[in-house]
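Undergrad: The structure that follows is given in the form of structure tokens.
The values are calculated or read from the model by the stated rules, or taken from the named source; none is laboratory data. These numbers were taken from a predicted model, which means no experiment stands behind them. Virtual Cβ from ideal backbone geometry, glycine too; neighbours counted across all protein chains shown.
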Amino acid sequence: MAKFDKIFRESLENPEEFWAKAAQGIDWYKECDKVLDGSHPPFYRWFVGGEMNTCFNAVDRHVEQGRGDQVAIIYDSPVTDTIDKITYLELRDRVALFAGALQDLGVARGDTVIIYMPMIPEAAVAMLACARLGAIHSVVFGGFAANELAIRIDHAQPKVIVFASGALEGKKTLAYKPLIDKAIELADHKPQNCVIFQRPFLTADLSEDRDLDWRDLTAKAKPVDCVPVQATDPLYILYTSGTTGMPKGVMRDNGGHAVALNWSMKNIYDVDAGDVYWAASDVGWVVGHSYIVYGPLFKGCTTIFYEGKPVGTPDAGAFWRVIAEHGVKVLFTAPTAFRAIKKEDPDGELFKQYDLEKFEALYLAGERLDPDTYYWATDLLHLPVIDHWWQTETGWAIVANSRGIEELPVKPGSATKPVPGYDVRILDHEGNELGPNQEGNVVVRLPLPPGTLVSLWRDDEKFVKSYMSNFQGYYETSDGGFIDEDGYVFIMGRMDDVINIAGHRLSTGAMEEIIASHQDVAECAVFGVHDQLKGEQPVGLVVLKAGVKRDEEELNRELVAMVREKIGPIACYKKTCVVANLPKTRSGKILRSTMRSIANGKEYRMPSTILDASVLGEITDALVGMGYPEK
Ligand code: COA
Ligand code: AMP
């Protein structure tokens, strides 16, 4: 049997033994009593009774093991023209000091802290400082508007919010302080304090009694040591888009997370301690949590904090410059970044200017890797281009080409095979298992491996309802797809109202809630249509209230402004069309997926339950008027 198949089988037949062995890659204050507690399905707990500290494993242990002088973080910021290198020793000292500062503010084990920061190393320092204390962080992506931040403040109830004075987004300077003030004003929960990291290009005024300057605070603080926590204690909450305006607070524990991520670095990405590993994403997303901060640091790699874009900072050669300058071995990014590079430099002229001697593989995830982008990247790089599929919920790859174990042949369009620990199946809507090449719901048989979500923050009920109810004994991924005769998994897209815009996960349901609140709108449907650069873009069809007549361009401007104001610019909502009716089933359900198929030029079957089939003709005309399907 091939090496990969053997290891995969072991992981499913004997999960406790498999993960107990992987747990040896982590330093424990106390070994666990039980590797897997499955006594309360669907709630599974890994490494019960084990005691450890995430920050110790990511930072201190490398200093103790002689890696103190190795660079832990390279901060490469074309937008501020800065390159800074932080060794493991310096990182430990900065984290220990900031943990001391948080402790002085009363932050202790089990407290929550919200972090709202751009791609600067202080974001990692703040995350690791929370972990050091056993506090729970919740990082919010900087592209979310005040209203989204307020929702998270009310749900996570942070004692402290840590934020930067601002960010440079391409050529724009964004001030964070007004946004934080507004979010706190909107929220019912008020944090005790805010800690502000002042950036050289923008100084925020501090609000008396609430705000503290990061530098003043740390100047007075004393370094603190790592606090032992239970493996099953929460490490972080990361909010992710669901099907409504209320995001889901994915909760990750300490022990399972450290074991799984540490294991994944070698087995999936094939990197070792000392290697330079770069995930070009943002700390606000799961990729940033797992593979900018925790994974590479657990493994003792050098990680890169890149504050820039794939294009425009200054050009489409930016990624090649970073890889060459810092000796990157593995790059992980979203296909959209490569599409952006391809658009600006289709023949790879900028690529040819750099010496990428150390570069070994490119990993892509966050959205479907379209074969065009796959072939373009492969022809350019002449290196393995690895698609892998995962979700905020799982925290690490469900399906991948686990090159560290054995590199399997690539089938373009497939993310290759399930990773050890994940028993992936395809079920029809009734829960029957489907055979090879039959498309259906992609699910994972329980228990999920370590490092995956343990529940939703303060909402076990929603956890069960969202993921564990439709298919008993399985985790429902909400993605559709199939497995071919060789066991390769093909992910075809979401089956719910979640869309991926430029690798960013957003909810069309949340956009609909905002649009429906416009005074002139009776009802609406928002769905994703194919976009050459960003993968998908949202489009809104609205029905006006009886008697209302509106100029469509003006209405569109108002709706665009509302979505930007409530969700943020990353929602990329730009196009609205007024229609007389929306297609519905007899029971009143709006047929979004049928409209999506029409807009994307895909074949669809006329739903037998449709109330009035002629409405689809009107919708087709409206979409054609908007330029869909794309020629
Ligand atoms: N803070 C504030 N605003 C942000 C932001 C952030 N961190 N990130 C994006 N935005 C804003 C952008 O400035 C833009 O605003 P605008 O409408 O005023 O121009 C809007 O949100 C849309 O951003 P984006 O979709 O990123 O479009 P773009 O044209 O700025 O860039 C790409 C396009 C492809 C270059 C960019 O999306 C990219 O680099 N993608 C990589 C994806 C990625 O890293 N995904 C993470 C998962 S792995
Ligand atoms: P997020 O939670 O932001 O990581 O988004 C998860 C969703 O992104 C998944 O449910 C998929 O729909 C999509 N996705 C992520 N990676 C891939 C991939 N490699 N191929 C296809 N879809 C992907």
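Undergrad: Taking into account only those residues within the range 36-90 that are without any contact (Cβ under 8 Å) to a residue 40 or more places away in the chain and closer than 30 Å to S455 by Cα, which is surrounded by the fewest Cβ atoms within 10 Å (Cβ to Cβ)?
TA: Result: H40.
Undergrad: Go through E148, E185, E169, E208 for me and flag whichever is within 16 Å of ligand 2 (Cβ to nearest atom) and among the acidic types (D, E).
TA: On the way: E185 fails: within 16 Å of ligand 2 (Cβ to nearest atom); E169 fails: within 16 Å of ligand 2 (Cβ to nearest atom); E208 fails: within 16 Å of ligand 2 (Cβ to nearest atom).
Exactly one residue qualifies, and that residue is E148.
Undergrad: Something else about it: So V539 fits all but one of (1) within 23 Å of V311 (Cα to Cα); (2) away from ligand 2 (no atom under 16 Å from the Cβ); (3) touching a Phe, Trp or Tyr at 6+ places or on another chain (Cβ under 7 Å); what number is the exception?
TA: (1)
Undergrad: When only residues in the range 517-542 that are buried (at least 16 other Cβ atoms within 10 Å of the Cβ) and aliphatic (A, V, I, L, M) count, which is farthest from I598 (Cα to Cα)?
TA: Within the range 517-542, the match that is farthest from I598 (Cα to Cα) is V521.
Undergrad: Given the conditions (1) within 12 Å of ligand 2 (Cβ to nearest atom); (2) over 30 Å from R152 (Cα atoms); (3) not β-branched (V, I, T), and given that L408 satisfies all but one, which numbered condition is not satisfied?
TA: Here L408 clears every test but (1).
Undergrad: Report whether or not D270 is touching a helix residue (DSSP H, G or I) at 6+ places or on another chain (Cβ under 7 Å), charged (D, E, K, R) and touching a residue at least 40 places away in the same chain (Cβ under 8 Å). Don't jump to the end; show me each part of the working.
TA: Values: touching a helix residue (DSSP H, G or I) at 6+ places or on another chain (Cβ under 7 Å): no; charged (D, E, K, R): yes; touching a residue at least 40 places away in the same chain (Cβ under 8 Å): yes.
No: the conditions fail for D270.
Here's the yes/no breakdown for (1) modelled with pLDDT of 95 or more; (2) hydroxyl-bearing (S, T, Y); (3) within 16 Å of ligand 2 (Cβ to nearest atom):
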residue	(1), (2), (3)
F305	yes, no, no
F332	yes, no, yes
I341	yes, no, no
D372	no, no, yes
L381	yes, no, no
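Undergrad: Would it be correct to say that T244 is surrounded by fewer than 16 Cβ atoms within 10 Å (Cβ to Cβ) and either at pLDDT below 95 or within 16 Å of ligand 2 (Cβ to nearest atom) (or both)? Can you show your working first?
TA: On the way: surrounded by fewer than 16 Cβ atoms within 10 Å (Cβ to Cβ): yes; either at pLDDT below 95 or within 16 Å of ligand 2 (Cβ to nearest atom) (or both): yes.
Criteria met by T244.
Undergrad: While we're on this one: Which condition breaks for K171 when tested against (1) in contact with a helix residue (DSSP H, G or I) (Cβ under 7 Å, 6 or more places away or on another chain); (2) modelled with pLDDT under 95?
TA: Every condition holds for K171 apart from (1).
Undergrad: So which of R596, R592 ends up being touching a residue at least 24 places away in the same chain (Cβ under 8 Å), closer than 28 Å to G143 by Cβ and out of contact with any Ser or Thr (no Cβ under 9 Å at 6 or more places or on another chain)? Walk me through how you get there before you give the answer.
TA: On the way: R592 fails: out of contact with any Ser or Thr (no Cβ under 9 Å at 6 or more places or on another chain).
After applying the criteria, what remains is R596.
Undergrad: Can you report the number of residues in the range 275-300 which are under 14 Å from the mean Cα position of the chain (by Cα), more than 15 Å from ligand 2 (Cβ to nearest atom) and of a type in the set (V, I, T)?
TA: 1
Undergrad: Among the residues of the range 259-275, is any surrounded by 24 or more Cβ atoms within 10 Å (Cβ to Cβ), at pLDDT 95 or above and part of a strand (DSSP E or B)?
TA: no
Undergrad: Of these, S469, S507, S478, which one is within 15 Å of ligand 2 (Cβ to nearest atom) and either modelled with pLDDT of 95 or more or in contact with a His (Cβ under 9 Å, 6 or more places away or on another chain) (or both)?
TA: Values: S469 fails: within 15 Å of ligand 2 (Cβ to nearest atom); S507 fails: either modelled with pLDDT of 95 or more or in contact with a His (Cβ under 9 Å, 6 or more places away or on another chain) (or both).
Checking each option against the conditions leaves just S478.
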